[in-house]
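Trainee: Input: one structure, supplied below.
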Amino acid sequence: MPECVLAVDQGTSGTKALVVCPERGVVGTGFAHVRPRYLPGGLVEVDPRELYGSVVDAGRRALADAGEPVTAVGLANQGETVLAWDPATGRPLTDALVWQDRRAEPVCAELADHAAELRHLTGLPVDPYFAAPKMAWTRRHLTRAGHVTTSDTWLVHRLTGAHVTDAATASRTGLLDLDRAEWSRRAAELYGLAGERLPDIVDNAAHVGTTTAFGPELPLTGLAVDQQAALLAQRVTEPGTAKCTYGTGAFLLAHTGDTPHRGGSGLAACVAWRLGGRTDHCLDGQVYTAASAVRWLTDLGVLTGAADLDPVGATVPDAGGVTFVPALAGLAAPWWRGDLRGSLTGLGLDTAPGHLVRALCEGLAAQVAELADAAAADLGAPLTVLRVDGGLTRSALLMQTQADLLQHPVEVSALPDATALGVGALARLGADPALALADALPGTGPTTVYEPRVTADEAAERRDRFRTAVTALLAGDPA
């Protein structure tokens, strides 16, 4: 019988672990919360020990729930979260700066004259969302000691002793030469990181070491950044289709083939995965706040949680003239204005909670539609379908709004944990190099398909209202 694997997805607000068997699917689950601290000035940080503890706890719970052995482990990571740590002891030397953290904006401002060069070299804009500015800020303001890396490298070191990162995560730093898929001396020099001991770059499916953190000694054979793992699980392995994951943020990725595709529409170009030495590439667009915007409405008392989106939204027929740009942690792709904050306009004495909910859903869907249009423009052909996953896909209101504004079908994955399942597939490939990629991936199709219910003209009108609100933000006009 084919062997089961332990797949661990270390995310922003928690770590999910699954025991996945190729014939029976998920046979065990575990979860452990992570509590990032959201501080004034756009700062977001978390205790690294909490990250590692959540990985171990979630993994052990999944194994206990399954009650059967596994042969390998896969680990997915947040992508752009950074910390400094002592390579001799594994002890963290700083808190981890979470991907949403904006404190490295001054570093980026200083590099404005080199932004075009860095974007061509690495595929990424100069923005504090990515790892390199946070690494540079950490070196300037926190410590010169130890290694400064993305969180995956530290977690893997704690688990196995190895000093590695995978090719996809490396491409999210701003330090990778995208054409050569190796560290760029020039990028490191510009960021003031020329003397750093950067981790070795490995394939996404490879044996990187063994760990006893979960009990039995197990090989770690799959590594990936979270969004690329979900892209793989969604079987977006050829150009023409995109996926969007609706988690803390919303992330749209479109496969672009086996060579880097640098477009002009504001999306990031990065590695999708490297398997057997062959590198696939993708375009990547981000909405910084999705579930975190829902949590914001919850904290205000408009909702009691994400499960309220549909019933509260159903109390009104439309957004009542309210337009919400939910840029609560800045505007990401394709605008790259992290200094901006969201806007809520068109309020009246008759504005009810349902209007705010519908306006939020419309704002999120409009941002994702902008990303899809940007990907289509860069690829030179329209996307035919959007495959979606993540917790917010449980909202029929949000998904129908997404199909309406996109004017294309939206396929909701039957895989609620696509990131974990993607890195689980990589773990299987790393443990059995003879296995074909198609045979390692989950085979389940969509659970629901949302078709557009409004005309193209109505969709265009609603998106124009959103663009007008974004333009006002960009111009500094609160109206």
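Trainee: Go through region 165-201 residue by residue and tally those that are assigned to a strand (DSSP E or B) and among the hydrophobic types (A, V, I, L, M, F, W, C).
Mentor: Count: 3.
Trainee: Right, something else. Residues that are closer than 26 Å to LEU175 by Cβ and either assigned to a helix (DSSP H, G or I) or among the hydroxyl-bearing types (Ser, Thr, Tyr) (or both): does region 202-222 have at least one?
Mentor: Yes; the residues of region 202-222 include at least one that is closer than 26 Å to LEU175 by Cβ and either assigned to a helix (DSSP H, G or I) or among the hydroxyl-bearing types (Ser, Thr, Tyr) (or both).
Trainee: Would you tally the residues in region 13-27 being more than 21 Å from the chain's Cα centre (by Cα) and surrounded by fewer than 21 Cβ atoms within 10 Å (Cβ to Cβ)?
Mentor: 6
Trainee: Pairs please, first residue from region 175-193 and basic (Lys, Arg), second anywhere and assigned to a helix (DSSP H, G or I), Cβ atoms under 9 Å, 6+ apart in sequence or on different chains.
Mentor: Every condition considered, the pairs that remain are ARG186/GLU117; ARG186/LEU118; ARG186/LEU121.
Trainee: Additional query: I'm checking my understanding of the structure. Among residues of region 125-149 that are touching a Cys at 6+ places or on another chain (Cβ under 9 Å) and within 17 Å of GLY41 (Cα to Cα), which one is surrounded by the most Cβ atoms within 10 Å (Cβ to Cβ)?
Mentor: Only one residue fits best here, namely PRO133.
Trainee: Next question. ALA64: of a type outside the set (S, T, N, Q), in contact with a Leu (Cβ under 6 Å, 6 or more places away or on another chain) and assigned to a helix (DSSP H, G or I), yes or no?
Mentor: No; evaluated as a whole, the condition is false for this residue.
Trainee: Another question, then. Tell me the residue from GLY42, GLY59 that is out of contact with any helix residue (DSSP H, G or I) (no Cβ under 7 Å at 6 or more places or on another chain) and on the phi > 0 side of the Ramachandran plot, please.
Mentor: Answer to the check: GLY42.
Trainee: Evaluate region 153-161: report whether one residue or more is of a type outside the set (Asp, Glu) and part of a loop (DSSP other than H, G, I, E, B).
Mentor: For region 153-161, residues of a type outside the set (Asp, Glu) and part of a loop (DSSP other than H, G, I, E, B): present.
Trainee: Which of the strands (runs of 3 or more DSSP E) contained wholly in region 376-465 include at least 2 residues that are farther than 23 Å from VAL225 by Cα and in contact (Cβ under 8 Å) with a residue 24 or more places away in the chain?
Mentor: The qualifying strands (runs of 3 or more DSSP E) are 446-450.
Trainee: Going by the conditions given, is THR89 touching a helix residue (DSSP H, G or I) at 6+ places or on another chain (Cβ under 9 Å), among the hydroxyl-bearing types (Ser, Thr, Tyr) and in the same structural domain as THR211 (by TED's automatic domain parsing)?
Mentor: no
Trainee: What about VAL44, is it in a helix (DSSP H, G or I), within 21 Å of the chain's Cα centre (by Cα), assigned by TED's automatic domain parsing to the domain that holds LEU159 and under 22 Å from TYR246 (Cα atoms)?
Mentor: Here the answer is no, as VAL44 does not meet what is asked.
Trainee: Out of all the residues in region 84-97, is one or more surrounded by fewer than 24 Cβ atoms within 10 Å (Cβ to Cβ), closer than 18 Å to GLY42 by Cβ and more than 17 Å from the chain's Cα centre (by Cα)?
Mentor: Yes: one or more hits.
The values are calculated or read from the model by the stated rules, or taken from the named source; none is laboratory data. Model, not experiment: these values are computed from the prediction. Neighbour counts are summed over all protein chains in view; Cβ atoms, including those assigned to glycine, are modelled from backbone coordinates with ideal geometry.
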